[in-house]
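Working notes, structure below.
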Amino acid sequence: MLGTCLDNVRRTVPLVHNITNYVTVNDVANILLACGGSPIMSDEPEDVEDITTICGGLNINIGTLNQRSIQGMFRAGKKAAELGHVLLLDPVGAGASALRTNTAVELMKALPFTVIRGNISEIKTLALGSGTTKGVDADVADAVTESNLDAAVAFVKDFAQKSRAIVAVTGAIDLVSDGERCYVIRNGRAEMGKVTGTGCQLSGMMTAFLVANPDDRLTAAAAAVCAMGLAGEIGWSHMTESDGNSTYRNRIIDAIYHMDGAVLEKGAKYEVR
Amino acid sequence: MLGTCLDNVRRTVPLVHNITNYVTVNDVANILLACGGSPIMSDEPEDVEDITTICGGLNINIGTLNQRSIQGMFRAGKKAAELGHVLLLDPVGAGASALRTNTAVELMKALPFTVIRGNISEIKTLALGSGTTKGVDADVADAVTESNLDAAVAFVKDFAQKSRAIVAVTGAIDLVSDGERCYVIRNGRAEMGKVTGTGCQLSGMMTAFLVANPDDRLTAAAAAVCAMGLAGEIGWSHMTESDGNSTYRNRIIDAIYHMDGAVLEKGAKYEVR
Amino acid sequence: MLGTCLDNVRRTVPLVHNITNYVTVNDVANILLACGGSPIMSDEPEDVEDITTICGGLNINIGTLNQRSIQGMFRAGKKAAELGHVLLLDPVGAGASALRTNTAVELMKALPFTVIRGNISEIKTLALGSGTTKGVDADVADAVTESNLDAAVAFVKDFAQKSRAIVAVTGAIDLVSDGERCYVIRNGRAEMGKVTGTGCQLSGMMTAFLVANPDDRLTAAAAAVCAMGLAGEIGWSHMTESDGNSTYRNRIIDAIYHMDGAVLEKGAKYEVR
């Protein structure tokens, strides 16, 4: 079933509008092409409504937000919501600055997000709904581990219910919940944290998975998370002794490029709670 | 003769000012270095006139345009025109939004472009001169194929005459015309479409080719198109089984890095109509 | 001792705030991760104070400056100065436009930079303190060579004293001075000049080295320069026949990823004058 979600992306070539940061945007574009989707980037307020109209989903990532692009996020988001498009929020750095936290909170108030994807610190910041600035490491002590897994699953389910969105918390163990069920995913490698933007890439790819699978969005979101982690495993298996994080970046995207539904189905490591 | 165009780039190291999108800008810089040119990026209106003054050509790409960078495009373009520099327009997404279409149309009215390079949908939008927003796929049914080649050649020649620019339409078959003659080019591979920014890269490299070959700009533009396609073929020949689109990106630029005039001359596949 | 500087980065994982250009920003992020640091990018004036507060150092690079990001540089810089953070200036293109030269000069007046890193043309522009626009190649005739080394060392020492900063001039021979001593470094390869952004990457990495080595910043700056050059040598040794500048980019960052203090200590080629 997870495999079918990937096959549906390749079959339907969903067009994804990305308002994303300039640090990792090239890799977001290439992973969207690798998985079978098609990327468009636009953040100018006067441009975003037209662009989002021709797409199937909108990926909003606040990683290098500015006053102009924030306006673009709201205008694109409202248009995408009117059109019933998939809407994803990646609250990069929420908790690290007041502007980031407040922007993410205001976006959540204004827009009916289909899915919110971030690390545990960012998601906890949003769950608190607080505009107080904190360090980026404030909540890192709360990383999801086997020992606090029950509490983490309960937290993610609760936030999914309150936010009326699918919530995906990614880290060593990934959690994806719609408020009722929660996928607990154990794909991936720690070395992925040494490649900038694997989270941003996942958000772009997840948007494509959701657009291509309108009838089962929870499974689609979980499939994207498994695909990213599995690509990290497959890409690592092709590393030579002198390869490092820059080559690993390429190999992860390459692994998505070659992945099909059968490979994903076989390699996905998850349970549903 | 195509080979000489590349040799001239390596011999003269043309400095190219790029106002280009933030998605593919790093690859544009690296392919300019690979072909023997030298890149500078600047889009701030207060900065662009000085920067363009010290360059030989200006590459304007509207892929992630915004109100500030649009001003930069006009100011840089007017200065470059005053100085008789090579001026290239890459109308990314013309037809996909009113802002993109209108900006491209207004740039064409204001500036004496040496060359306009885009896909068939973008060029058709400009040929219509319309400011109406259309989907990005609106004209894709009109892709240049062997069966509609005569009509496509006539269209490109006609638009080149009307726009008083060299027109380069790239796709499975590439067409490059100055209104009199039309190069029909069959280099390249379909897999290049899975790498973000090969068109943007070509626009940057083509600007360098035009600067380095002032006496025969049509041949220079055709040489750049052949070089890009040939790099796609050579790069593909170095792909291993697990390599995908992210590694292919590197291999294409690497192939330009190693290409010399003799290789280009031998590998170019074209006819002139 | 140089090796210890790298080990200290890996041990303390310094968080570096980068206000840098959108051309090379992805590589800056990946090399910071490769050396053991942690990158954050933010240039919005309303965001930068919070972000810089949680970091240990601020890397200001004016490569694609605009009116908004210039405000961000001053606001972030003042906050970083208040907090006693490491402050690095990379004056990309100083001398090539009035805006770049003036911005770099004004930043130097307003902020107590810990280190200024650039090529010889940029540093000479700043040493003159002039706001006059010049071509990018104006001072290239003055590249640091064995034959003018004594004069170059004296110039760098003098500018370091006047600017009260460590000054790092990188090129075929690199010079790093605090005004008293000057490291003369002969690591690196000429082919690094065909990869966009190796200077930007060095600036990001150098900021991390300075944050992690507060007690000997001159040695830390020299260690970063040696590490970058040595990575260029090691990365080159892994190049295959068909690899070019795009793959070289990956191999340089990969070499940093695998470098440890012992490798750096053994491979560093320098003398102190």
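The table below gives the values:
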| item | result |
| --- | --- |
| Residue satisfying condition, being facing chain C (nearest Cβ under 8 Å) and within 16 Å of the chain's Cα centre (by Cα), within set B:59, B:26 | B:26 |
| Residues satisfying the stated conditions in segment B:225-255, i.e. facing chain A (nearest Cβ under 9 Å) and either at positive phi or among the aromatic types (Phe, Trp, Tyr) (or both) | B:248 |
| Checking residue C:94 against (1) closer than 18 Å to residue C:177 by Cα; (2) at pLDDT 95 or above; (3) small (Gly, Ala, Ser), the condition it does not meet | (1) |
| Scan of segment B:157-200 for residues that are touching a Lys or Arg at 6+ places or on another chain (Cβ under 7 Å) and within 14 Å of another protein chain (Cβ to nearest Cβ), ordered by number | B:195 |
| The lone exception for residue B:2 - which of (1) under 12 Å from residue B:209 (Cα atoms); (2) of a type outside the set (Ser, Thr, Tyr); (3) in contact with a Gly (Cβ under 6 Å, 6 or more places away or on another chain) it fails | (3) |
| Looking only at segment A:93-112, and only at residues there that are hydrophobic (A, V, I, L, M, F, W, C) and surrounded by 23 or more Cβ atoms within 10 Å (Cβ to Cβ), the one that is nearest to residue C:40 (Cα to Cα) | A:96 |
| Residue list for segment A:174-201, filter: among the polar types (S, T, N, Q), touching a residue at least 60 places away in the same chain (Cβ under 8 Å) and under 16 Å from residue B:246 (Cβ atoms) | A:196, A:201 |
| Residues of segment C:70-92 classified as surrounded by fewer than 24 Cβ atoms within 10 Å (Cβ to Cβ) and within 14 Å of chain B (Cβ to nearest Cβ), total | 2 |
| Single residue of C:211, C:184 found to be more than 15 Å from the chain's Cα centre (by Cα) and of a type outside the set (S, T, N, Q) | C:184 |
| Pairs with Cβ under 7 Å, 6+ apart, first in segment A:97-121 and under 17 Å from residue A:169 (Cα atoms) and away from chain C (no Cβ under 14 Å), second among the basic types (Lys, Arg) and surrounded by 18 or more Cβ atoms within 10 Å (Cβ to Cβ) | A:114/A:217 |
| Residues (farther than 18 Å from residue C:86 by Cα, at the interface with chain A (Cβ under 7 Å from one of its Cβ atoms) and not charged (D, E, K, R)) located in segment C:34-49 | C:34 |
| Helices (runs of 4 or more DSSP H) (entirely within segment A:212-273) containing at least 1 residues that are crowded, with 24+ Cβ neighbours inside 10 Å and free of Cβ contacts under 8 Å to residues at least 40 places away in the same chain | A:217-237, A:245-258 |
| Filtered residues of segment C:145-173 (kept if within 15 Å of residue C:221 (Cα to Cα) and part of a helix (DSSP H, G or I)) | C:156, C:157, C:160 |
| In segment A:144-163, the residues that are touching a residue at least 40 places away in the same chain (Cβ under 8 Å) and of a type in the set (Lys, Arg) | none |
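Yes/no per residue for (1) at positive phi; (2) of a type outside the set (Gly, Ala, Ser); (3) at pLDDT 95 or above:
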site: A:130; (1), (2), (3): no, no, no
site: A:136; (1), (2), (3): no, yes, no
site: A:154; (1), (2), (3): no, no, yes
site: A:182; (1), (2), (3): no, yes, yes
site: A:185; (1), (2), (3): no, yes, yes
site: A:191; (1), (2), (3): no, yes, yes
site: A:217; (1), (2), (3): no, yes, yes
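The values are calculated or read from the model by the stated rules, or taken from the named source; none is laboratory data. For clarity, every value in this text was computed on a predicted model and none was experimentally measured. Quick reminder, even Gly has a Cβ in these numbers, built from the backbone with ideal geometry, and neighbours come from all protein chains shown.
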